[in-house]
Structures are given as structure tokens and as C-alpha cells.
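**Q** What follows is a single structure, and I will ask about it in a moment.
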Amino acid sequence: MKKLISILLCAALCFALCAGFAACRFETDTPDTPPGSNVEDEKNEDAVVNLTVGVLQGTYERNIMLKWKNAFQREHPEVGIDISVTLGAMDDIVRFDSAGQLPDICWTAGDQHSPYSQEYFVDLSELEGADAFFGGFYDALIETTHATATDDAVWFVPRDYNALVVYYNQTLFDAAGVALPQQGWTWTDFENTCAQLMASGQVLKAVEYDMVWPPFSLTMMANYGSKYFNDDGTIALRSDETQACFNMLQEFNTKYAQQGTGGGFAQYTEGSGKNIGMFIDVRPSLPEIAAVAAASGWKLGAVSFPNFKQADGSDGYVGVGCSGYAITQKCAEDTAEYGGKTKQEWAWEFLRYCMSEEGYEEAATLGVLVPAIESLADKGSWREFEMNGVSVNPDAFVRTDATPIFLNYYTMHNPSQHAQIITAGANFWRNVLPNGGTYTESLNAYLQYMNDKTGIVE
């Protein structure tokens, strides 16, 4: 595990969700339409213990937890689960704690928890059965649960495996006479496909994504051998590798890409004039983009993120992130027994149920979860998700041919400077967009900001 940390730190790692990036695309809310939008909240009037659960705002976030709550309560009628706390962002836990309203179980994410974990959460690695339980998760996801590079604690249970994928408009590809993307394609294949789409005259742009979204920008950094920080914590962004990555992406964006507007996929409905061939995103966006495709009359496909082969012939890197759930210290402080267990013990049992094969089956109909447990990735109903009779390639969402980049790099450098470091990185990569600055200009602005706001220097 420590070897993996070392390797990934040198590869400039990336992360997923962050409130500063409009909830980033790892957790986009979906329309209040099927599947699963009408999940009922089954009440348990006979409970001897009540667990409060805080979830991220959004229809599907609540519905995932409702699926698990209802199923668990049928097996354990002595337990009540109250989904009464909604977080707009991770830092809401500070406000809830101050108000005495911190839930027993709290949603969190691999890139966001570090500034809060040690103060508010329980180290789950010390609970009964933890070693065997966490041994089944993807290593890259377990890495996100640590607060720093030297921390061995597990601060939350990973919920989902969110790797970058490419969604595509198959109907538009067919009209343009361009071959469909295939699993195992490379970045060169991707660029050639973009060029063919643009040459067809059928698209406004070949691909849409958010350039400053870290899962993309830092994946590309890793594939170029670039990094933000040296092992001693000093800045390492000044390098030939970073400049090469910056210049390539600046040219790529000018030729082929439209930047995400934050308006979701609904802007690409039929007749909007915004014909886009491909979209770089993650699994939680599937229900939304599937609904848009169905409403617009085009067929949706999905394929793995292009493999950026390394110079030595090895496979490249791809951003992988996750959300999850922590047990709060408030929960642990209640040492009374309810039906033979403490609140913490009930919370732990509930979270283990959620991540079981049975638990994933309960939530599979929502279409948003790829199991965080490796043994469940090649089976289960999550692979069979359909919307309006349309299914997409499930293998696109589980990368076995690339090195996953765990998504807690910024905060693991220095949790207290989380927000400032994120902002600096976003501003740097924003300049690869058309009409942005040069590499030198962007680097100098980055260095000045980091020195002024964090005191971190080259």
C-alpha cells in the first residue's frame, strides 16, 4: 500500500468531488424522473434505536440511502434510520456540529474528508471485522480514506467506484460516418476520432468536458509524468513534462473540445444546435445523460477512457474517485446499548450491509453505482441497468488495464490548505482553454498564488 502511495504521489494524483467545482461531476443530481425517483421512505415505529444519516443533496443521493434504509429495517425492525440531514457541501458538518445536529452517519467523499476526518469521524479500521471487510475494496479507493500520506486510518466506507469514461452519441457518429469508439482505445485513437468528427461537419465540437475538473486535468498530468509537489512538499509544477501537457491540452481544446457549462446534459437536446459527439464523465451521470438521449432520439454508448500508453509500453493512468459514509464521533459517544448493540455497532452493521452484494442489488435499479468491492464488479444487476430500453457497456466503468489514480492528493499534501491548493490548480489548468494564458504566464500566477495564500514555494 505504501508503495502505491509513493507511485501515485509521483504521478500527480487527482480527486473527484469538491464543492468548489459545483459538486464536480462525480455526483451530479439527476432529473426527478425514473428510474427510482419515487423511492418511498418506510417508517419503523417499533425501533429501539434511531440512527440519523446525513446525505449529500440531490434526488439520487437520497434514493440510494432510502433503498438501503428500507431493506435494512425489514431485517432489523429494532433499528430506525432517519435521513433528516442534507449536506450542500462537506464543510456543512462544521455547522451541524456547532448546532448539535451532527448525524450518526455522514456522507463524505475521497477528496473532501481530510480537513474534517480526525476531528469528526471514527477510525473504522479499529472496529470489529474491519480488516476482512476493507480487504475486499479496490486499493485505490482505500487510499482515499486516509487523511494524509502517512495516515493508516480508514475514515469512511467507500461506496462506489467512479472511473472516467467516455459517453458518446452513437446516432451522431453514424450520421458522420465515423467508427464507434472501442474498449481499449488509446489517446491517439481518441484524437483521430475527434478529428474525424470535426471534419464531418456534423458536430459543434467533438467532445465536451470540464477542463478544470481535477479527475481529467490531473489524469493527463499523471500520464505526462507531471506532478504538483515534490516529496519534501515543495512545488514541482515547473517541469518540461508539465509544459508539454499544458501545450498539448491547449491545442486539443482549441481544435476539438467544448467546455462544460455546468448546465448538465439537457442542453444537448435535439434541435439545440449543440451537437456534441462525446462526453467525458463518470457513472453517476448515466441516468441523466440516458434520459437526455432518450428524449432527444439518439442512441447512447459508453466506452473506457482512452488509454494513454506510457513510453515503456505500460498502461496509462485514469482518475478514479468515490463517495462514501463515515461514522461520526458523536455516534461513538453514545455508549448505551440498544437491542444488544451500541449506536456505533448498529451504524457499522448498517454500513457493511450497504456494501454487501445484497445491498448493491437493492440500489442497482438507480443506475448510479459501480461496486467499490472488487469481487462484485463483474456481476450483479448494476451491469444490467437500462433506461427506456437502452443499456450501455458496463465494462466501460471498470478499468482493469490502467493504473487508477486515487483522488485525495491535494488534501493529503496538507489538509489545512485544501481549498487554496484546489483553487490554485484549477486556475492553472483553466488557462489551457482558448484565449487562456501561456504556460509561463500560468505557472508564474500559480507560484505567486501558492506563495501568497499557502506559503508553499518551489
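The values are calculated or read from the model by the stated rules, or taken from the named source; none is laboratory data. What you see is a predicted model; the values in this text were computed from it and never measured. Cβ placement follows ideal geometry from the backbone for every residue including glycine, while neighbour counts extend to all protein chains displayed.
**Q** Inside region 289-316, can you point out the residues that are more than 27 Å from GLY201 (Cβ to Cβ), buried (at least 19 other Cβ atoms within 10 Å of the Cβ) and in contact with an Asp or Glu (Cβ under 8 Å, 6 or more places away or on another chain)?
**A** SER304, ASN307
**Q** Ok, one more. For region 324-383, how many residues are in a helix (DSSP H, G or I) and either hydrophobic (A, V, I, L, M, F, W, C) or closer than 17 Å to VAL55 by Cβ (or both)? Walk me through it before giving the result.
**A** Residues of region 324-383 in a helix (DSSP H, G or I): 329-333, 343-354, 357-366, 374-376, 381-383.
Checking which are either hydrophobic (A, V, I, L, M, F, W, C) or closer than 17 Å to VAL55 by Cβ (or both) leaves us with 330-332, 346-348, 350-351, 353-354, 359, 362-364, 366, 376, 382.
Adding up the residues that qualify gives 17.
**Q** Under 8 Å by Cβ, and 6 or more places apart or on different chains, what pairs join a residue from region 422-433 that is buried (at least 16 other Cβ atoms within 10 Å of the Cβ) with one that is of a type in the set (Val, Ile, Thr) and modelled with pLDDT of 90 or more?
**A** ASN431/THR438
**Q** Of all residues in region 42-74, count the ones that are at pLDDT 95 or above, assigned to a helix (DSSP H, G or I) and touching a Phe, Trp or Tyr at 6+ places or on another chain (Cβ under 9 Å).
**A** 5
**Q** Please go through region 212-235 and pick out each residue that is over 26 Å from GLY277 (Cα atoms) and either touching a residue at least 60 places away in the same chain (Cβ under 8 Å) or touching a helix residue (DSSP H, G or I) at 6+ places or on another chain (Cβ under 8 Å) (or both). Give the steps one after another, and end with the answer.
**A** Start the filter on region 212-235 by keeping residues that are over 26 Å from GLY277 (Cα atoms), which leaves 225-235.
Scanning region 212-235 gives GLY225, SER226, LYS227, TYR228, PHE229, ASP231, GLY233, THR234, ILE235.
**Q** So which pairs qualify, if the first residue must be in region 350-362 and not assigned by TED's automatic domain parsing to the domain that holds ILE105, the second must be buried (at least 16 other Cβ atoms within 10 Å of the Cβ), the Cβ gap must be under 7 Å, and the two must be at least 6 apart or on different chains?
**A** Every condition considered, no pair remains.
**Q** Quick test for you: out of PHE246, PHE279, PHE265, pick the one residue that is in contact with a Phe, Trp or Tyr (Cβ under 9 Å, 6 or more places away or on another chain), crowded, with 16+ Cβ neighbours inside 10 Å, at pLDDT 95 or above and not basic (Lys, Arg). Lay out the reasoning, then the answer.
**A** Details: PHE279 fails: at pLDDT 95 or above; PHE265 fails: at pLDDT 95 or above.
Matching residue, one of PHE246, PHE279, PHE265: PHE246.
**Q** Still on this model: Considering each of GLU126, GLU191 in turn, give the residue that is out of contact with any His (no Cβ under 9 Å at 6 or more places or on another chain) and under 30 Å from GLY425 (Cα atoms).
**A** Result of the check over GLU126, GLU191: GLU191.
**Q** Condition first: over 21 Å from ASP189 (Cβ atoms), of a type outside the set (Ser, Thr, Tyr), in a helix (DSSP H, G or I) and under 26 Å from the mean Cα position of the chain (by Cα). Now tell me which residues in region 220-246 satisfy that.
**A** GLU241, PHE246
**Q** Still on this structure: If only one of ASP151, ASP82 is of a type in the set (D, E, K, R), touching a strand residue (DSSP E or B) at 6+ places or on another chain (Cβ under 8 Å) and surrounded by fewer than 22 Cβ atoms within 10 Å (Cβ to Cβ), which one is it? Full working, then the answer.
**A** On the way: ASP151 fails: touching a strand residue (DSSP E or B) at 6+ places or on another chain (Cβ under 8 Å).
Result of the check over ASP151, ASP82: ASP82.
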